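Trainee: Below is the structure I would like to discuss, written out as structure tokens.
The values are calculated or read from the model by the stated rules, or taken from the named source; none is laboratory data. What you see is a predicted model; the values in this text were computed from it and never measured. Here the Cβ positions follow ideal geometry from the backbone for every residue, glycine too, while neighbour counts run over all protein chains shown. When the accessible area is computed, the model is the full protein with side chains, heavy atoms only, and any ligands, DNA or RNA have been set aside. Shrake-Rupley method; radii C 1.70, N 1.55, O 1.52, S 1.80 Å.
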Amino acid sequence: MVEARKEVPDMDQIKIGKFIASCRKDQGMTQAYLADKLRISDRAVSKWETGKSLPDAGIMLELCDQLNINVNELLSGEKIMTETYNIKAEENLLAMRREVEEKNRQLLNLEIVVGAPATVAGLVLCVIAAYVEMPTGLRIGLIAFAVVMIIAAAFIAVGIEQKAGYYECRICHDRHIPTYWQTNLAPHIGRTRYMKCPACGKRSYQKKVLTKDVSDDDNTDRK
Ligand SMILES: [Zn+2]
């Protein structure tokens with residue numbers, strides 16, 4: 001009776017046993033080594049592999065860990081679409097990264113869309129104020145308005161730039177998002193800003209990059 005209860009009719013013990021043996025060999029382990037790792041006798045491992053018994057629930061997770069498989073695979077006696085799953089996961093990741101990159105690119109374009117017209121309009125107002133005949137009060141008002149508009153646009157543009165993508169440290173290549181004021185107050189050449197790196201603590205001209213992932217297309221700004 002006890003023997004009968006140990007048997008699980010739904011599961012193919014032989015198949016599972018062969019699968020355990022094959023995974024163990026893949027990991028370069030002997031039966032004795034695996035048994036030792038699991039603190040059981042190598043006879044127990046042998047019994048699983050020949051399909052005479054199944055690993056009991058208490059040891060299953062640890063066994064799977066050693067064999068580098070999941071419980072689902074162990075019980076199915078085969079790898080479950082791992083390859084398909086990985087490809088899918090990679091594709092999703094790539095698509096996600098592209099989307100973030102595209103969003104950041106659009107944001108940076110927005111920086112120009114917001115910044116450029118306001119700056120041009122401001123300068124035009126200044127020229128009008130300087131050359132067109134008008135009461136002094138209006139002239140001062142016009143210049144003040146132009147200056148405020150240019151400054152406001154610059155602040156908004158920096159805010160957009162700060163939020164879009166990352167800055168990369170020239171020294172340790174850490175990619176990070178600085179605070180708004182750190183960005184705004186940093187001396188800059190275009191979008192390359194002289195800032196302190198939060199990772200290595202050194203100051204350098206940090207360039208704008210679209211993604212967090214260093215290995216991926218980081219040559220957008222590089223010469
Ligand atoms: Zn750094």
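Trainee: Given the residues Arg175, Arg170, which is the only one that is open to solvent by less than 60 Å² (accessible area, probe 1.4 Å) and basic (Lys, Arg)?
Mentor: Residue meeting the stated conditions: Arg175.
Trainee: Something else about it: Can you work out which of the residues in the stretch 77-120 that are touching a residue at least 60 places away in the same chain (Cβ under 8 Å) and not basic (Lys, Arg) is farthest from Gly28 (Cα to Cα)?
Mentor: Among those residues, the one meeting the criterion is Leu108.
Trainee: Additional query: Which condition from (1) within 23 Å of Ser204 (Cα to Cα); (2) open to solvent by 80 Å² or more (accessible area, probe 1.4 Å); (3) at pLDDT 90 or above is the one that Arg193 breaks?
Mentor: Answer for Arg193: the failing condition is (2).
Trainee: Can you name the helices (runs of 4 or more DSSP H) wholly within the stretch 14-119 that have at least 1 residues being exposed (fewer than 15 other Cβ atoms within 10 Å of the Cβ) and of a type in the set (A, V, I, L, M, F, W, C)?
Mentor: In the stretch 14-119, the matching helices (runs of 4 or more DSSP H) lie at 31-38, 57-67, 71-76.
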